[in-house]
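Structure first, commentary second.
The values are calculated or read from the model by the stated rules, or taken from the named source; none is laboratory data. A quick note: this is a predicted structure, and the numbers were derived from the prediction, not measured. Note: ideal-geometry Cβ built from the backbone for every residue, glycine included; neighbour counts use all protein chains shown. Surface areas here come from the heavy atoms of the whole protein model, side chains and all, with no ligands, DNA or RNA. Shrake-Rupley method; radii C 1.70, N 1.55, O 1.52, S 1.80 Å.
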Amino acid sequence: MSKILDTRRIEIPRGIHGRSARKTAILAAAVGCGVLAISSCSGESQKPDASGVSAGEVCAGIFSTDAATGLESISGTDVFGELPEVPADEFSASIERLRSGGEAEERLCSIYAPPDDDLPSVTISFRWALPNFSGDGDGYATGMVASILPNAAIVAFQCEGEDYPPDKVMLGSLHVRSGSEEPHGQMAMINAASRAVAEGLGCLDESGLVEGVPQPVGD
């Protein structure tokens, strides 16, 4: 699968968890084909199950009620499917690959709203990243850093373990189709996904990820 290099300047908002220092660096994320454009990676059409499932059932059922409501708001429907390249039952396998501490980005799920089964509405990915990134975006109070960006949301959180990279944090990224942005819904979804990943990796307690919907910084 080809990779697209997405280089964004991300600025840590002032005041998240008492951090007033501003650090600036480039977050270079190798994103799987189609994440930024939210398009299909495969040249061949793979038709998933057309019956569809609820928002609470996609992505291995990791979404909270608030996150599921956010998905419905973003997509304008209450019936969903997932592209077959990232089936829901692969969640445990995704966690194991993240446990290995490798540099590759792990696509957790690509969700579409029928009949657009070749064009995901939402894509969620995780990878290990250096913690010295900062930049633009509307900040939210969860994890180490959380921001809403154009057509995207990110959450970074601490995650320590014997085999995990000691100098890196876990970075979750959510991308939505252009024109379907809903900031609070996006943050609810990536935060719920981050909590599920943190729990799977055994670092939920230290992650600083809040339950429910994170609040904008300054509110």
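Restricting attention to region 162-219, the residues being out of contact with any Pro (no Cβ under 6 Å at 6 or more places or on another chain) and not in a helix (DSSP H, G or I) number 33. HIS175 meets the conditions (1) at pLDDT 95 or above; (2) within 13 Å of the chain's Cα centre (by Cα); (3) open to solvent by 10 Å² or more (accessible area, probe 1.4 Å) in every case but one. The failed one is (1).
When each of SER147, SER75, SER121, SER180 is tested for being of a type in the set (S, T, N, Q) and modelled with pLDDT of 90 or more, the lone residue that passes is SER147.
Count of region 182-197 residues, restricted to those that are touching a strand residue (DSSP E or B) at 6+ places or on another chain (Cβ under 7 Å) and farther than 15 Å from CYS59 by Cβ, is 2.
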